[in-house]
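This report refers to the structure that appears directly beneath it.
The values are calculated or read from the model by the stated rules, or taken from the named source; none is laboratory data. Only a predicted model underlies this, so the values are computations on that prediction, with no experimental measurement involved. Virtual Cβ from ideal backbone geometry, glycine too; neighbours counted across all protein chains shown. Just the protein is used for accessible areas: all its heavy atoms, side chains included, with ligands, DNA and RNA removed. Shrake-Rupley method; radii C 1.70, N 1.55, O 1.52, S 1.80 Å.
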Amino acid sequence: MSTRHVLLGLLATGPSHGYDLKRRHDARFPQARPLAYGQVYTTLQRLVRDGLAEVEGTDADGGPERTRYRATDEGARELADWLGRIAPPAPFVTNEIFAKVVVAILTATAGAPADPAAYLRDQRAAHKARMRELTAVKANPDADLATVLSADYALHHLDADLRWMTTTAGRLPALTQEIQHP
Amino acid sequence: MSTQQGAPLIAARDLTKTYGRTGAALRGACVELAAGEILAVTGASGSGKSTLLHCLAGIVTPDEGAVVYGQRRLDQLSEADRTLLRRTDFGVVFQFGQLIPELTALDNAALPLLLAGTSRGQARERADAWLERFGVRGQAELRPGEMSGGQAQRVALARALVTEPKAVFADEPTGALDSLAGEQVMTALVHTAREAGTAVLLVTHDAQTAAYADREVELRDGTVLEVAEAPDLAETAQPTEAPQVTEAGHEG
């Protein structure tokens, strides 16, 4: 995930302080890890360094002085470019669940105490519990669109994981056989 | 979250059901549905999910085992008594086609009340209120063929709940719908059932539909596997974090 493009996108909707950017980010991506202030300021400084954003002014409002940033024309072009550029669809198949299953099969066939079937069963139960949790969040009549979108995204991915785990559980005997008798 | 204290609303014990020569659909299936609980029954096709639903709803009787509803053995009632019980205490929704094509949405929804002897005026009035709850009052005068699949399914839900049953049996209620229409149907079903305190037995092969339930059991080869309670998520991960998915992008 490109934090700098997300912040650039938020800046494109109007000049902002670092604190406001963090707040707006967390509101738009409610199920994401909240952005750290430190990361916001570091990213803003890099955007300025690269000519994609600039300082518009400072505000005090009686409190501490805050720097207001805005996107530059080059920043707007960079943002448009990023928005139109497709993300490489799964260039690397790396995922903790996938890695654990592969290693569990390898080590179990070597006699180590690993039980891929039991792991898959427990992981599926955990996925389903999380799906119920996210569905409850989404089905709440007060849920805003940002919450619904992020819950949808997570639910579809968890569902895909579940399907893969179900299929893999079905393949375990054949996989084990193949590793034992290559 | 529904409770599981006290006697279950419906309990199935060691159900066996064999169809023809094709083999057993159920082999010793046990399941309990608590009052007001929303229970998902999942499993691959042919695992016996629908047969289990049919046994619990009194649509078919098991070859062996018991279905206990309150003080009664559903599996020992006569066909006529089971039909009567289904009319008063249960509501049923299937994947498609259960509405009567010649009747309007309102008359379809009022039908169970008319069959139970309610006056036409009263039946239509109550049916109207249920259409409203399911957000299809605007379609009240339309016939099923004039509605979208999602609307028709919500009319079917209104019809299943119009008698204020103790339990609703839903067999793949979103199976014929696209995901947004399915979501509307499930949201309406879950909210309304919770409000009315109606138990729901939801048969589905779809994990996203099952996730609307309080609890899930999985059928495999005709027996019920309790889906294990998830290990304590607080210890294994922070559940509010975005799930780790395969990176499809890169730091720009």
Residue list for the stretch A:108-153, filter: more than 28 Å from residue A:32 (Cα to Cα) and either touching a residue at least 40 places away in the same chain (Cβ under 8 Å) or surrounded by fewer than 14 Cβ atoms within 10 Å (Cβ to Cβ) (or both): A:108, A:109, A:110, A:111, A:112, A:113, A:115, A:116, A:117, A:118
For the stretch A:88-107: of the residues being of a type in the set (A, V, I, L, M, F, W, C) and modelled with pLDDT under 85, which is least open to solvent (accessible area, probe 1.4 Å)? A:90
Tell me the residue from A:77, A:70, A:66, A:49 that is over 30 Å from residue A:119 (Cα atoms) and at pLDDT below 90, please. A:66
The correct count of residues that are aliphatic (A, V, I, L, M) and assigned to a loop (DSSP other than H, G, I, E, B) in the stretch A:88-102 is 2
For the stretch A:1-55, how many residues meet the condition of being under 29 Å from residue A:137 (Cα atoms), among the hydroxyl-bearing types (Ser, Thr, Tyr) and in contact (Cβ under 8 Å) with a residue 24 or more places away in the chain? 3
Considering every residue within the stretch B:150-171, establish whether at least one is free of Cβ contacts under 8 Å to residues at least 40 places away in the same chain, farther than 24 Å from residue B:85 by Cβ and in a loop (DSSP other than H, G, I, E, B). no
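For every residue, the table says whether it meets (1) among the small types (Gly, Ala, Ser); (2) in contact with a helix residue (DSSP H, G or I) (Cβ under 7 Å, 6 or more places away or on another chain).
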residue: A:60; (1), (2): yes, no
residue: A:69; (1), (2): no, yes
residue: A:92; (1), (2): no, no
residue: A:98; (1), (2): no, no
residue: A:101; (1), (2): no, yes
residue: A:105; (1), (2): no, yes
residue: A:111; (1), (2): yes, no
residue: A:132; (1), (2): no, no
Can residue B:231 be described as farther than 30 Å from residue A:119 by Cα and modelled with pLDDT under 95? no
From the set of residues in the stretch B:188-223 that are part of a strand (DSSP E or B) and within 12 Å of chain A (Cβ to nearest Cβ), which is surrounded by the fewest Cβ atoms within 10 Å (Cβ to Cβ)? B:220
For the stretch B:104-118, how many residues meet the condition of being part of a loop (DSSP other than H, G, I, E, B) and surrounded by 13 or more Cβ atoms within 10 Å (Cβ to Cβ)? 3
Looking at the stretch B:174-187, is at least one residue more than 17 Å from residue B:204 (Cα to Cα), surrounded by fewer than 21 Cβ atoms within 10 Å (Cβ to Cβ) and within 16 Å of the chain's Cα centre (by Cα)? no
Only residues that are open to solvent by less than 50 Å² (accessible area, probe 1.4 Å) and either within 24 Å of residue B:84 (Cα to Cα) or part of a helix (DSSP H, G or I) (or both): list them for the stretch B:130-149, please. B:130, B:131, B:139, B:144, B:149
